[in-house]
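So the structure is just underneath, and the comments pick up after that.
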Amino acid sequence: MDRSSLLQLIQEQLDPENTGFIGVETFASLVHSHELPLDPAKLDMLVALAQGNDEGQVCYQELVDLISSKRSSSFKRAIANGQRALPRDVLLDETGLGIYKRFVRYVAYEILPCEMDRRWYFYQHRTCPPPVFMAAVTLTQIIVFLCYGARLNKWVLQTYHPEYMKSPLVYHPGHRARAWRFLTYMFMHVGLEQLGFNALLQLMIGVPLEMVHGILRISFLYLAGVLAGSLTVSITDMRAPLVGGSGGVYALCSAHLANVVMNWAGMRCPYKLLRMVLALVCMSSEVGRAVWLRFSPPLPASGPQPSFMAHLAGAIVGISMGLTILRSYEESLQDQCGWWVLLLSYGTFLLFAVFWNIFAYDLLGAQIPPPP
């Protein structure tokens, strides 16, 4: 029996008068007597949803959302009030799982702070579509780095090579009119160490985030950090070029760390305090290294070295916009007032940065290094 036939049968037998409510016990007996193809975990969730109802009923639309693997806002609010616990043990007690399902469970405990969210994600997770965005970005960055490394025969501090900065992907203040450079700089890197750091974080944090929250939200967050990074450099460090995907990486990392802090009691990832300290130390060290390369370059260079401001801009985007995205698992962002406030703030910043790049350089008489 397909899903539409199941829903039609339920409405005909359990709600013939179209009241909009269905008795859960009667529904459970219908499932067992007709051997209907409903996941037992979903039946558990349905029972949990009705436990707070005095009449033991559940809204028909909530039942439709449950069978369709969609969570309504009323369903999440009902579970969040603490009165409707699932009859089974926590997800960690599940036994007999394959390698991939254990990985999905690991991702659930890494990213989600609520046991209900973790169980919901675990049971409704599908392998298609896979988390292709972060994998594709990382693979492209590696390919671009290998191409330039082989061409220039240089694998560290590539920005010191004059031919490297001539790339059409690098952001340079003298090429501000070429708008694509405000995004494509994320495919270029100073050297092997910066690429390795960014690729590692993108795969370790970005892929699990994309698995849970989807490609649209995570790609938007990553690209928002990248764009904010280049525009911030164009405002605060007007002479400096820019390479590397650190703006997007720091947006993802800061959003995840902020989400862990905000939901500290509910997070069940192991050694969370130690891991957070290590992450902050590594991120701070990377920023410190970028500052050192910007103001005290170890080798003579023909012009200013890449700016470090993209790191800070990405972190700000992650803590503000990213935190809202990660706290809204399976809920529509459009229904949240805070989301529109953040979008308006980000749009205002973009508009200001565009006018700054058009007019401020000439009005301030900025001494821009000649483009390569």
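Taken together, the values in this text are just the output of simple stated rules run on the coordinates, not laboratory data. From a predicted model like this one, the values you see are computed outputs, not experimental measurements. We place every Cβ from the backbone using ideal geometry, glycine too, and count neighbours over all the protein chains shown.
Here are a few things to note about the model shown:
- Going from the residue with the fewest nearby Cβ atoms within 10 Å to the one with the most, H256, H189 rank H256, H189.
- Amide H to amide H distances under 5 Å link Y171 with Y185, L242, where only residues 5 or more positions off or on other chains count and H is placed in the peptide plane.
- Residue separation of T236 and K101 scaled by 0.36 nm, minus their Cα-Cα distance, works out to 44.0 nm of gained length.
- Here the simple spin-label model places points 7 Å from the Cα toward Cβ, and for I143 and H175 these points are separated by 2.0 nm.
- In order along region 147-155, the phi-based Karplus estimate (6.51 cos²θ - 1.76 cosθ + 1.60, θ = phi - 60°) of 3J(HN,Hα) comes to 5, 6, x, 5, 5, 9, 6, 8, 10 Hz; Gly and Pro are listed as x.
- In order along region 92-98, phi translates into HN-Hα couplings of 4, 7, 5, 10, x, 8, x Hz, rounded to whole numbers, per the Karplus curve 6.51 cos²θ - 1.76 cosθ + 1.60 with θ = phi - 60° and x for Gly and Pro.
- Cβ crowding within 10 Å, taken as a proxy for footprinting-reagent exposure, orders W264, W356 from fewest neighbours to most as W264, W356.
- Three-way shape label, region 251-324, alpha-carbon gyration tensor, a/c 1.5: oblate
- Karplus (6.51, -1.76, 1.60) ³J(HN,Hα), θ = phi - 60°, over region 114-125, in Hz, Gly and Pro reported as x: 10, 4, 4, 4, 5, 5, 4, 4, 4, 7, 9, 5
- Region 329-372 shape via C-alpha gyration tensor axes, a/c threshold 1.5: prolate
- Sorted by Cβ density within 10 Å, fewest first, the residues E110, E94, E115: E94, E115, E110
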